[in-house]
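What follows is a short report on a single structure.
The values are calculated or read from the model by the stated rules, or taken from the named source; none is laboratory data. Nothing here was measured: the structure is a model prediction, and the numbers come from that model. Every residue, glycine as well, gets a Cβ built from its backbone with ideal geometry; the counts of neighbours run over all protein chains shown.
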Amino acid sequence: MKHFVILAASCCLLLPSGSSAQQTVAPDAWRAVSARSAGDVLKIKLKNSKTIMATLKTASDTGLVLELKDKELALEKNEINSVSVLTKKSAGKAALVGMVVGGGVGAGAGAGLGAAHSNNCFCTHGQGVAIGAGVLGGAGAAAGGLVGLVAGHASRKETLLYQAKTIE
């Protein structure tokens, strides 16, 4: 049981975190911004330290036209510090990770409970372990999958497209 707890804790440490590392950007990265399609959700950090999340209407070599709360907003390239595109993460992957972790934890707990209480039951020690692992493993997998699915739908992946050059 001690080894199982260590294994479960190790699996949790390997799960992807909510924060995403920003990627390095090519020197002429504005092309990546101007090539985006209308409807993409962008996160724009302005040079005045404000951050805007809006939907792209059009992009050109000189700036962006965005839709923000049913209003149109035009930004010049020289006003923009960075541009990131926000995409939805795969909820399926998060659900699968949740199922595996939840199933493993549930199976371990069920096996432990089955072993402890199999003498008070109609079954042998081995059968009690198997039944406990199966029942709680299945319940843990279902619960973990549901939590992973909800968490996967709620998160977005942020990919940096453009970072203005800083003059020092």
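Assorted remarks:
- Subset of the range 155-168 that is at pLDDT 75 or above and of a type in the set (D, E, K, R) - its residue that is surrounded by the fewest Cβ atoms within 10 Å (Cβ to Cβ): K165
- Of the criteria (1) under 20 Å from A143 (Cα atoms); (2) part of a loop (DSSP other than H, G, I, E, B); (3) of a type outside the set (D, E, K, R), which one G39 fails: (1)
- Residue in the range 65-78 that is assigned to a helix (DSSP H, G or I) and over 30 Å from G144 (Cα atoms) present: yes
- Subset of the range 56-112 that is of a type outside the set (G, A, S), surrounded by fewer than 20 Cβ atoms within 10 Å (Cβ to Cβ) and more than 27 Å from Y162 (Cβ to Cβ) - its residue that is modelled with the lowest pLDDT: K93
A quick yes/no check of all residues on (1) in contact with a Phe, Trp or Tyr (Cβ under 9 Å, 6 or more places away or on another chain); (2) under 30 Å from A130 (Cβ atoms):
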| position | (1), (2) |
| --- | --- |
| D40 | no, no |
| E72 | no, no |
| A94 | no, yes |
| M99 | no, yes |
| G106 | no, yes |
| A111 | yes, yes |
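- The residue of the range 41-55 that is farthest from K165 (Cα to Cα), among those that are loosely packed, with under 15 Cβ neighbours inside 10 Å and of a type in the set (D, E, K, R), is K50.
- Yes/no for L86 being in contact (Cβ under 8 Å) with a residue 40 or more places away in the chain and either assigned to a strand (DSSP E or B) or in contact with a Phe, Trp or Tyr (Cβ under 9 Å, 6 or more places away or on another chain) (or both): yes
- Residue count for the range 135-154 under the criterion of being surrounded by fewer than 17 Cβ atoms within 10 Å (Cβ to Cβ) and modelled with pLDDT under 75: the result is 2.
- Residue in the range 12-23 that is modelled with pLDDT under 50, under 25 Å from the mean Cα position of the chain (by Cα) and assigned to a helix (DSSP H, G or I) present: yes
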